[in-house]
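Comments concern the structure below.
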Amino acid sequence: MGVMVPVMKDIVLDFTAYYNPTDKTFWVQDGVHWTQCNRQMFLDMLKFDPKLRTDGAVYADLDQARRAMCKVRRENLISGVCQLSGYSAGVHLINGRRILVTRERVVVQPKEGLMPFFDKYFETVAKDSPEQRDVLLSWMKLAYQKWSEGLHSPLQMMILVGPSGTGKSLFQEICKRLLGGTIADPYDFLIGRTEFNLELAENALLSFEDRPSFDMKKQRTFFDRVKNLLMSRDQRVRGLYQNGFMADPIRFLMASINAQTHNYAMVPPRENGYEDKFVFTYFSNTGFPMDGWKHLDVSKENFEKMMEEELPVLVHYLKNVYKIPEWLLTRVNHYDRKGNFLKQPDSICTRYGMDSWWHPDIAAISSEGGDVAKLVGVLETLMELKGVTRPISVAAKEIAEQLLKMDDVDGAFEFGNDVKKLGYKLRDAALNFPEVVSRGKKSAKGVTWVLNPSKSVVKVA
């Protein structure tokens, strides 16, 4: 007769824990908090932490603790940990991978009341353009709706243009608090300086403030990546020293820039199909806090208090009271080069929830920026035709004379026909595309310009 071996009852886990074989770490939930630990730390927690020990499961015995650990390693496997924006805390099956999200989505709850601070703010930033108030509020309404309801649908990138001290940073701060309370800077990723974008997947609001101008290559990368972040549902998320995975976080793009020539490159030409991906506003009232705010006591001491108290009221207003105006849903606010409205397909509004409005002053900047990029392309074509292989120094008048001979190149006659205008465009080209055009020495014939074919970045057919 054989010896009878007692069978131990299978261990019962009265706690939540997961094992990540990639880095061989355990993730243990303690109420709403998560702790990352190695094997020994996890065993110690099982043996000694009373929060993991209940009447139904006692792990004080080393053998029982090991069995509990093995059960976690066997049954509670995850592929990685990421605070995916818009996802609730817990394990999510994303494109065949089990991803643990340890941070809960923070949603500001609505509350009825008065909001004198926000009322005055939106009145002030739209003083010179009444339509802009509706544009800002409509964008915020849609952003909050998508965030609070977990809707994975696109919304245009919001660009705030204007001098410092006009309330641009405040709008950014309002939106940050409205959309989970966190923010990440996407600039390096958008211009192709880095491929690591984990932080961009973990924060709802992706925003940056003034950056130096970039060349045409980076400009194209910028617009293409903005388009991809807005429109692509599944995107590869990759962190430093981590394997990438496909995911669909909820996020919103924003930038705050000064209306200066070196920032023109961030305003896309309207004819290339990017225009519907942006909303451009212009903040012109300087000196925050503005005149008429004294009765609100907008001091540093009271600023945070007013923001905290009125934010739920603003949410209530956006969610339950404010309606996106019909003109922003049906009248598509795009301009041609002569300032005329351009009618766009109705699908644009249904895709985003609102039209991609451009402030008229920014529409003008777009035309200028488009002209500069076009000129750089024409100059490269000129250098190719002339067989230029090294940097050359030439006056604007000489460039104009050569451009007038290029009948088959689009835009050549336009730039060559007006030497004075060409000089201004060359100046702007030097600011925006310094690798291609730079200011040379002043001679008896006037200012010379250095054209560098080896650094050219624009091709024009």
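Table for the structure above
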| item | result |
| --- | --- |
| Condition broken by SER393, with the remaining ones in (1) at pLDDT 85 or above; (2) buried (at least 16 other Cβ atoms within 10 Å of the Cβ) satisfied | (2) |
| For PHE117: the one exception among (1) more than 24 Å from the chain's Cα centre (by Cα); (2) crowded, with 20+ Cβ neighbours inside 10 Å; (3) closer than 30 Å to PHE48 by Cβ | (3) |
| Criterion violated by LYS120 - all others in (1) modelled with pLDDT of 95 or more; (2) under 14 Å from LEU314 (Cβ atoms); (3) charged (D, E, K, R) satisfied | (1) |
| All positions within segment 1-59 that are assigned to a helix (DSSP H, G or I) and either at pLDDT below 85 or in contact with a Ser or Thr (Cβ under 9 Å, 6 or more places away or on another chain) (or both) | ARG39, MET41, PHE42, MET45, LYS47, PHE48, PRO50, LYS51, LEU52 |
| Single residue of segment 104-131 satisfying the filter (assigned to a loop (DSSP other than H, G, I, E, B) and free of Cβ contacts under 8 Å to residues at least 24 places away in the same chain) that is farthest from SER284 (Cα to Cα) | PRO130 |
| Failed item in (1) β-branched (Val, Ile, Thr); (2) more than 30 Å from GLY162 (Cα to Cα); (3) at pLDDT below 90, with VAL72 passing the rest | (3) |
| Single residue of GLU131, GLU104 found to be loosely packed, with under 14 Cβ neighbours inside 10 Å and of a type in the set (Asp, Glu) | GLU104 |
| Meets criteria (loosely packed, with under 15 Cβ neighbours inside 10 Å and part of a loop (DSSP other than H, G, I, E, B)) for GLY86 | no |
| Members of segment 123-139 found to be within 20 Å of LEU178 (Cα to Cα) and modelled with pLDDT of 90 or more, listed by number | GLN132, ARG133, ASP134, VAL135, LEU136, LEU137, SER138, TRP139 |
| So ASP134, is it farther than 24 Å from GLU308 by Cβ, touching a residue at least 24 places away in the same chain (Cβ under 8 Å) and assigned to a loop (DSSP other than H, G, I, E, B) | no |
| Options ALA373, ALA429; residue that is touching a residue at least 60 places away in the same chain (Cβ under 8 Å) and either in a helix (DSSP H, G or I) or not assigned by TED's automatic domain parsing to the domain that holds MET266 (or both) | ALA373 |
| Residues of segment 262-283 classified as at pLDDT 85 or above and not in a helix (DSSP H, G or I), total | 6 |
| Matching entry among LEU178, LEU100, LEU93, LEU160 (being over 19 Å from ASP276 (Cα atoms) and touching a helix residue (DSSP H, G or I) at 6+ places or on another chain (Cβ under 7 Å)) | LEU178 |
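The values are calculated or read from the model by the stated rules, or taken from the named source; none is laboratory data. Quick caveat: nothing in here was measured; it's all calculated off a predicted structure. We place every Cβ from the backbone using ideal geometry, glycine too, and count neighbours over all the protein chains shown.
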